[in-house]
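Engineer: I'd like to ask you about the structure that follows.
The values are calculated or read from the model by the stated rules, or taken from the named source; none is laboratory data. What you see is a predicted model; the values in this text were computed from it and never measured. Because the Cβ atoms are built from the backbone with ideal geometry, glycine has one as well, and the counts that use them run over all protein chains shown. Note: areas computed on protein heavy atoms with side chains; ligands, DNA, RNA excluded. Shrake-Rupley method; radii C 1.70, N 1.55, O 1.52, S 1.80 Å.
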Amino acid sequence: MRFSLRRLRAIAIKEWKDAIRNPQILLTAAMPIAFSFLFDRKEASDPAVVAFPLLLAVSITGAFVQANMVAEEKEKNTLRMLMLSPASPAEVLLGKSVATSALALLVMIGSLAVTSVPDANPIGLTALILLLLIAFLAFGTTIGLLSRTVTDISIVGLPLLLVVIMGPMLGTSLDMGWFSAVVDWLPTQHFVLGLTGLLDSGSLAGIGVHLAALAFWCAAACLLCLGVYSRKRYDK
Amino acid sequence: MEPAIAVSQLERHFRNKKALDRVSFEVARGEIFGFLGPSGSGKTTMVKILTGQLQPSAGEAFVLGKRAAGRRDPEQLRRIGIMTDNSGIYERLTVYDNLALFRGLYEAPEKSVAGTLESVGLAGEARTTVQQLSKGMKQRVALARALLHKPDLLFLDEPTSALDPMNAARIHEALRALNRQGTTIFLTTHDMAEAETLCDRIAFLNNGTLSALDTPQRLKLSHADRSTITVVASDGRHVVNNDREGAERIAGWMRAGQLLSIHSDEPSLGDIFVKLTGRTLS
């Protein structure tokens, strides 16, 4: 069956209307903006601190809001009804991701309104944000699918996401070789290093390796998500 | 005409347990078919196989002419409607928004939402948030969602469970109206009264096997005790033999103008189920 923009739009509108009436999602989305007041880049010299408001906006909104949406669908037995409609998995997941991305965009604008926009190549900055957002949307969907309830998200995903999100900050402050080695692989670290590169040189060529690493993380996260989805789409 | 559902020697195993064991039946187009059994008898497994959520272990099933093979088939899903006992509606959204989502998913006409809400008696609640509705109204929203795209075949799982008689009657009326328009209905329930009210034919499922399959009337007649007849006359209730002497006594009450009612002694569907399986439905 052909891909239907009408179905995708119906799912995205539903997700948006549901999200803005969900206090848990609104609170989660407000957190990065609140944290932005603590990470005002004008007073920061550490690149991780410069990138942190953006990182939080993309990761918390992208991963936790998406995980919340998917887990709630499973908990309330609504995901099954979507799966038993003609909507394809791609339409369902993309519809959810469009709504989450719109929310992430608003949160980013709110965060940047507090901390001010990094003075970086806009194409490079957009590419870094987009790749990181796709990876976190896929992580969020996977965590949501693995969780039986919304409460399970904190058990399934919180420890992992805390390491991924906080890694770049902790890697520079903790003197632990093995942890730094792990952090070097994280998508968030590549985001921070890419943003630092953009701030330093302003050229896209200088951050090619980080864009490639983020693209790899996107592909891996999407494959993982599709694998989990094929097994877990029908909620019990 | 090709049947709406054709199931032949169907089996489904979960590890060493047989949830369905060589089940065969057909459901004609335009029929309301009741699939009755207690919890754990295999009803839900059958619906999952017929709707493509599970693959059969052996045997075969055809739904609207296509093999049910445990795979999502969007074209097939467009032709069927499903209402589960766990309604799965979005509580924070309005009634209209819930249906608008599924109108989009099924690419149904713009006017379908208003028409469907009218048919289930919820036209006045379109802008109400679902969490503000009563249990009966939520069930009707779930039914409206299943009917929205005018399916050829409708799967209903306990559609009136936990509803008061008035709400149950409303849903029954909506289902009959849909059936008159040609929709085949596959109803799983353990409510014998509902099955008898709605269904053209019913099948009893017990421990994954079919124990009986016929019209409610024929099932009751075939298990009826024809040897006695119960008469209520103005002087009380009498059980008379179904013979010449009994006929004379009944005629006597009739001539005297004392006969109030007369009943053949038919068992209920619940009694027949117990007789056939040794189990109760609840």
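Engineer: Would you call B:R92 more than 7 Å from chain A (Cβ to nearest Cβ) and of a type in the set (K, R)?
Structural biologist: Numbers: more than 7 Å from chain A (Cβ to nearest Cβ): no; of a type in the set (K, R): yes.
No, not satisfied.
Engineer: Same structure again: Can you tell me which residues in region B:95-115 are at the interface with chain A (Cβ under 7 Å from one of its Cβ atoms) and surrounded by fewer than 18 Cβ atoms within 10 Å (Cβ to Cβ)?
Structural biologist: B:E107
Engineer: So, of the residues in region B:116-145 that are hydroxyl-bearing (S, T, Y) and assigned to a helix (DSSP H, G or I), which turns out to be surrounded by the fewest Cβ atoms within 10 Å (Cβ to Cβ)?
Structural biologist: If we filter region B:116-145 for residues that are hydroxyl-bearing (S, T, Y), which is where we start, we get B:116, B:119, B:128-129, B:134.
Of the ones still in play, those that are also assigned to a helix (DSSP H, G or I) are B:116, B:119.
Details: B:T116: 25, B:S119: 18.
Residue satisfying both the conditions and the ranking: B:S119.
Engineer: Provide a single number: the residues in region A:1-24 that are of a type in the set (G, A, S) and either within 7 Å of chain B (Cβ to nearest Cβ) or without any contact (Cβ under 8 Å) to a residue 24 or more places away in the chain (or both).
Structural biologist: Let us first name the residues in region A:1-24 that are of a type in the set (G, A, S), namely A:4, A:10, A:12, A:19.
Keeping just the survivors that are either within 7 Å of chain B (Cβ to nearest Cβ) or without any contact (Cβ under 8 Å) to a residue 24 or more places away in the chain (or both) gives A:4, A:10.
Result for region A:1-24: 2.
Engineer: Are any of the residues in region B:46-60 open to solvent by 10 Å² or more (accessible area, probe 1.4 Å), more than 28 Å from A:R6 (Cβ to Cβ) and polar (S, T, N, Q)?
Structural biologist: Taking every residue of region B:46-60 in turn, at least one turns out to be open to solvent by 10 Å² or more (accessible area, probe 1.4 Å), more than 28 Å from A:R6 (Cβ to Cβ) and polar (S, T, N, Q).
Engineer: Can you tell me how many residues in region B:44-63 are out of contact with any helix residue (DSSP H, G or I) (no Cβ under 9 Å at 6 or more places or on another chain) and modelled with pLDDT of 90 or more? Show your work before the answer.
Structural biologist: Taking region B:44-63 and keeping what is out of contact with any helix residue (DSSP H, G or I) (no Cβ under 9 Å at 6 or more places or on another chain), we get B:44-50, B:57-60, B:62.
Of the ones still in play, those that are also modelled with pLDDT of 90 or more are B:45-50, B:57-60, B:62.
Residues that pass the stated criteria total 11.
Engineer: Give me the pairs, please: first residue somewhere in region B:207-226 and among the small types (G, A, S), second residue anywhere and open to solvent by 50 Å² or more (accessible area, probe 1.4 Å), beta-carbon distance under 6 Å, and either six or more positions apart or on two chains.
Structural biologist: Listed by first residue and then by second, the contacts come to B:G208/B:K18; B:S211/B:L276; B:A212/B:L276; B:A224/B:E266.
Engineer: Tally the residues that are within 22 Å of the chain's Cα centre (by Cα), part of a loop (DSSP other than H, G, I, E, B) and more than 14 Å from chain A (Cβ to nearest Cβ), restricting the search to region B:27-63.
Structural biologist: 10
Engineer: Continuing with this model, one more query. May I ask you to verify whether A:L137 is open to solvent by less than 40 Å² (accessible area, probe 1.4 Å), over 17 Å from A:I60 (Cα atoms) and in a helix (DSSP H, G or I)? Step through it out loud before you land on a result.
Structural biologist: Values: open to solvent by less than 40 Å² (accessible area, probe 1.4 Å): yes; over 17 Å from A:I60 (Cα atoms): no; in a helix (DSSP H, G or I): yes.
No, not satisfied.
Engineer: I'd like to check something: does region B:211-232 contain any residue that is more than 25 Å from B:A6 (Cα to Cα), touching a Leu at 6+ places or on another chain (Cβ under 6 Å) and buried (at least 19 other Cβ atoms within 10 Å of the Cβ)?
Structural biologist: Among the residues of region B:211-232, not one is more than 25 Å from B:A6 (Cα to Cα), touching a Leu at 6+ places or on another chain (Cβ under 6 Å) and buried (at least 19 other Cβ atoms within 10 Å of the Cβ), which makes the answer no.
Engineer: Now for a different question. Filter region B:64-75 down to the residues that are open to solvent by 20 Å² or more (accessible area, probe 1.4 Å) and either in contact with a helix residue (DSSP H, G or I) (Cβ under 9 Å, 6 or more places away or on another chain) or not in a loop (DSSP other than H, G, I, E, B) (or both), then identify the one that is farthest from the other protein chains (Cβ to nearest Cβ).
Structural biologist: At the first step, the residues of region B:64-75 found to be open to solvent by 20 Å² or more (accessible area, probe 1.4 Å) are B:65-67, B:69-75.
Keeping just the survivors that are either in contact with a helix residue (DSSP H, G or I) (Cβ under 9 Å, 6 or more places away or on another chain) or not in a loop (DSSP other than H, G, I, E, B) (or both) gives B:66-67, B:70, B:72, B:74-75.
Values: B:K66: 14, B:R67: 18, B:G70: 11, B:R72: 7, B:P74: 4, B:E75: 6 Å.
Going through the qualifying residues, I end up with B:R67.
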